[in-house]
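Notes follow once the structure below has been shown.
The values are calculated or read from the model by the stated rules, or taken from the named source; none is laboratory data. The shown structure was predicted, so the numbers you read here are calculated from the model rather than taken from an experiment. Note: ideal-geometry Cβ built from the backbone for every residue, glycine included; neighbour counts use all protein chains shown. SASA here: full protein model, heavy atoms, side chains in, ligands and nucleic acids out. Shrake-Rupley method; radii C 1.70, N 1.55, O 1.52, S 1.80 Å.
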Amino acid sequence: MKKKVQLVLGSGGARGIAHIGVIQMLQQEGYEIVEVIGCSMGAVIGGMYCSGFLSQYTDWLLKQTKSDVYRLFDITFSMQGFVKGEKIFAVLEQLAGKQLIENLPIPFTAIATDMLTRTEVHFTEGDLYRALRASTGIPGVFTPVAENKSLFVDGGVLNPLPVNLVKRRDDAIIVAVNLNGSFSNEVPAENKTETDGMAKAESESQAILTKLRGFFNSSSKSEAKAPEAVVIPTFSMFELLNASYDATLDRLVEVTLENSPADVLVEIPRNVCSVFEFYRAAELINIGKVSFTSAMVKSGLKELSI
């Protein structure tokens, strides 16, 4: 009998491609995924997996160049966002065809946020691509989805790692993939490829963290020595908004895991790539594999191979 997994896939833009590596490793280790709950990019990967078309989506991702990715951004001049997202989801529908969530071979839930009611919305039936588009509406970037007196934005606004929605089964373990893990000072050796578009980019959040560390380090040194003028770091409006959003995500994930711990928590460092670096698919899939193996060892479900 196969070992069973209830899988939770979190939000985090292009870092969500690492979810594919986690799924590939679960399959390689002989696990049967019996349920997927996904948020934002986690919903996209989970939805494609549950529909049976993840391999086709993966093949498509691996062929995308930086130019290909940017051509998929259907820019719009709107006060609510600058990307419509229609081109991206048209590709998904072309790969997998029409899909209803309730007809998927594996139970699937996509999480979105209704900004009008300030509540989570759990899509467990209806058109798959409508649910995925609603779940991925990063505020200020993708235009929200207006429908039936609701205004849907990214599910990560309220629940970036929805482990609390899992109804635990006695015959399965819960594996959760957090795409907003702690910063990593180095990427695994397999991922240090310095080819075009593949060099590790420092994210906006990491740049802010670097500034803050420099500020606090200089402050402590000033206190230890003679008083000196301290230069307070300056941030752009975008940097402050981004850092604030990240801090909120971190706290939401922390609270969720305190109340609903996973059996295996896979942590993908936040600084492995920026939000739109979907052209780094091969690298991100491998990061997912390496991070999964590390998490399995840490959980005691896999022995460390020497």
If we take region 125-231, then strands (runs of 3 or more DSSP E) inside it with 2 or more residues that are in contact with a helix residue (DSSP H, G or I) (Cβ under 6 Å, 6 or more places away or on another chain), at pLDDT 95 or above and under 20 Å from residue 272 (Cβ atoms) are 172-181
Just to be sure before I move on: is residue 251 at pLDDT 80 or above, of a type in the set (D, E, K, R) and more than 14 Å from residue 162 (Cα to Cα) in the structure I sent?
no
Scanning region 248-287 residue by residue, those of a type in the set (Gly, Ala, Ser) and either touching a Phe, Trp or Tyr at 6+ places or on another chain (Cβ under 7 Å) or under 15 Å from residue 11 (Cβ atoms) (or both) turn out to be 274
Mind checking whether some residue in region 68-85 is buried (at least 21 other Cβ atoms within 10 Å of the Cβ) and modelled with pLDDT under 95?
yes
Enumeration of residues in region 1-12 that are open to solvent by less than 10 Å² (accessible area, probe 1.4 Å) and touching a Phe, Trp or Tyr at 6+ places or on another chain (Cβ under 8 Å)
5
Regarding region 42-49, can at least one residue be identified that is of a type in the set (Ser, Thr, Tyr), at pLDDT 95 or above, under 18 Å from the mean Cα position of the chain (by Cα) and open to solvent by 10 Å² or more (accessible area, probe 1.4 Å)?
yes
Residue 93 - would you say it is at pLDDT 95 or above, within 22 Å of residue 8 (Cα to Cα) and open to solvent by 30 Å² or more (accessible area, probe 1.4 Å)?
no
So which residues in region 99-108 are open to solvent by 20 Å² or more (accessible area, probe 1.4 Å), over 12 Å from residue 48 (Cβ atoms) and touching a residue at least 12 places away in the same chain (Cβ under 8 Å), if there are any at all?
100, 102, 105, 107
Find all pairs meeting these conditions: Cβ atoms under 9 angstrom apart; at least six residues apart or on different chains; first residue within region 47-74 and among the β-branched types (Val, Ile, Thr); second residue surrounded by fewer than 19 Cβ atoms within 10 Å (Cβ to Cβ) and in a loop (DSSP other than H, G, I, E, B).
65/196; 65/197; 69/276
When region 261-289 is checked residue by residue, the ones that are buried (at least 19 other Cβ atoms within 10 Å of the Cβ), closer than 16 Å to residue 21 by Cβ and among the hydrophobic types (A, V, I, L, M, F, W, C) are 264, 265, 266, 268, 272, 273, 278, 281, 284, 285, 287
